[in-house]
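What follows is calculated from the coordinates using simple rules that are stated; it is not laboratory data. The model shown is predicted, which means the values in this text are computed figures rather than measured ones.
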Amino acid sequence: MSVRHLEALFDPKSVAVIGASNRAKSVGSVVMRNMLTGGFEGPVMPVNPRGGAIHGVLAYPDVNSLPVVPDLAVVCTSAQTVPSVLDDLGKRGTHAAVVLTAGLSLLTAEDGRTLQEHVVEISRKHQIRILGPNCIGMIVPGIGLNASFAHKNCLPGKIAFVAQSGGLTTGVLDYANSNDIGFSHFLSIGDMVDVDFGDILDYLGSDPTVGSIMLYIEAVKDARKFMSAARAAARNKPVLVVKAGRVAEGARAAASHTGSMAGSGGIIVLDDTTQIVDAALNLAQFYAHESCGQCTPCREGCGWMYGILTRLQQGEATEADIRVLRDLANNIHSRTICFFGASAAMPVQSFLKKFPEEFFARAGVGVPDDWRPAASAK
Ligand code: SF4
């Protein structure tokens, strides 16, 4: 379906929260609180069968009672009710929904088909664009939209961050907030029954509020569509892709979240003005900060790589440091219990292999004769 109705999803003028609640710490309560405190200027309409008021806002008992047709619905009801809620929304004319509910692919309806299959059918029948299910939701700070149950909001900025994994999303949010990094869009897209990476790249690639796009991918369901969208978006702005699941444990973690087996590999698209050492340092800073410390190669190696790259950027590193940097990356790769270690090592290995002259120039020397064969051995 590509970008059709994605404007209703990412730039809605009114929002309904289906399953809004006053129950402390429930998803429906957190979403409602986030919607009301995010600064969104359009109407926010809670829907709860008990009616009353949710966080002080008059609630409606069902979708049919809403006084206006919402551009966007945030659905956080039980799995069994999601298909009928979406059907009601479609009949009212809503064209976008964020479905936070998990477990739709595990439960079957009376006809033997999964609830997820019903959701896909309803999405197509009514042309409702669906983000999720099984996701944390999305934040668009530029319009004050926090349609998520994230534990905190994000700062406004020019980076669009898109990930499937909810756990990683919250980790990135913590890191970004503590380092004053802002976002144009912060999207957790979960199981991608409808809106996928390709659709999002198409939309964000031509959105002038987006300066760069960062994707954290567990699995791509339509590789041809994804590559076409990535190529088009990368013509307009930098696109950085981190691919999870390179080692077995990472692939298992990815499969348990999205239900799809991840492959391996990675793409980082940077424009030709980017200093490679600076890009490597940027990434290394993130990984050094986020390593949980459980495995020695990742815990120690990420910090050491960050230290060497910092010295390189400042013109204080030597040729020997660059060799140590390569050894560190090679030692981290595939020697850790989760894919994070490999994700940290791969950009350094790749940059050293493809752009050695940029690293050695920072040390004030040319690329040594013995470097290229050794570097390409990996
Ligand atoms: S590889 Fe994963 S588990 Fe090991 S220290 Fe790094 S983040 Fe922790």
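See the values below:
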read-out: Kirkwood-type radius of the range 1-72, with distances r between different C-alpha atoms, in Å; value: 12.6
read-out: Over the chain, relative contact order from alpha-carbon pairs under 8 Å, at least 6 apart, %; value: 11
read-out: Partner lysines for residue 354 [C-alpha distance under 17 Å; skip if fewer than 8 residues away on the same chain]; value: 378
read-out: Too-long pairs where the Cα-Cα distance tops 22 Å, listed order kept, from 158/237; 243/353; 221/243; 13/225; 25/152; value: 13/225
read-out: Lysines with Cα under 18 Å of residue 91, excluding same-chain neighbours fewer than 8 positions away; value: 125
read-out: Phi-based couplings in Hz for the range 310-325 (Karplus 6.51, -1.76, 1.60; Gly and Pro marked x); value: 5, 5, 4, 4, 8, x, 10, 9, 10, 4, 4, 4, 5, 5, 5, 4
read-out: Binned Cα-Cα distance frequencies in the chain - 20 Å width, integer %; value: 28, 52, 18, 2
read-out: Computed over the range 11-170, Cα set: Rg, Dmax in Å; value: 14.9, 47
read-out: Ratio of Rg to Rh over the range 76-217 (Cα coordinates, Kirkwood Rh, two decimals); value: 0.99
read-out: Bins of 10 Å, starting at 0 and running to the largest distance - Cα pair percent for the range 273-378; value: 16, 52, 28, 4
read-out: For the range 31-114, the Rg and Dmax computed from alpha carbons only, in angstrom; value: 13.7, 43
read-out: Convex hull per residue volume in Å³, alpha carbons only, for the range 127-167; value: 99
read-out: The range 6-134, relative contact order [Cα under 8 Å, separation at least 6], %; value: 23
read-out: DSSP beta bridge pairing in the range 79-160, given as percent antiparallel to the nearest 5; value: 60
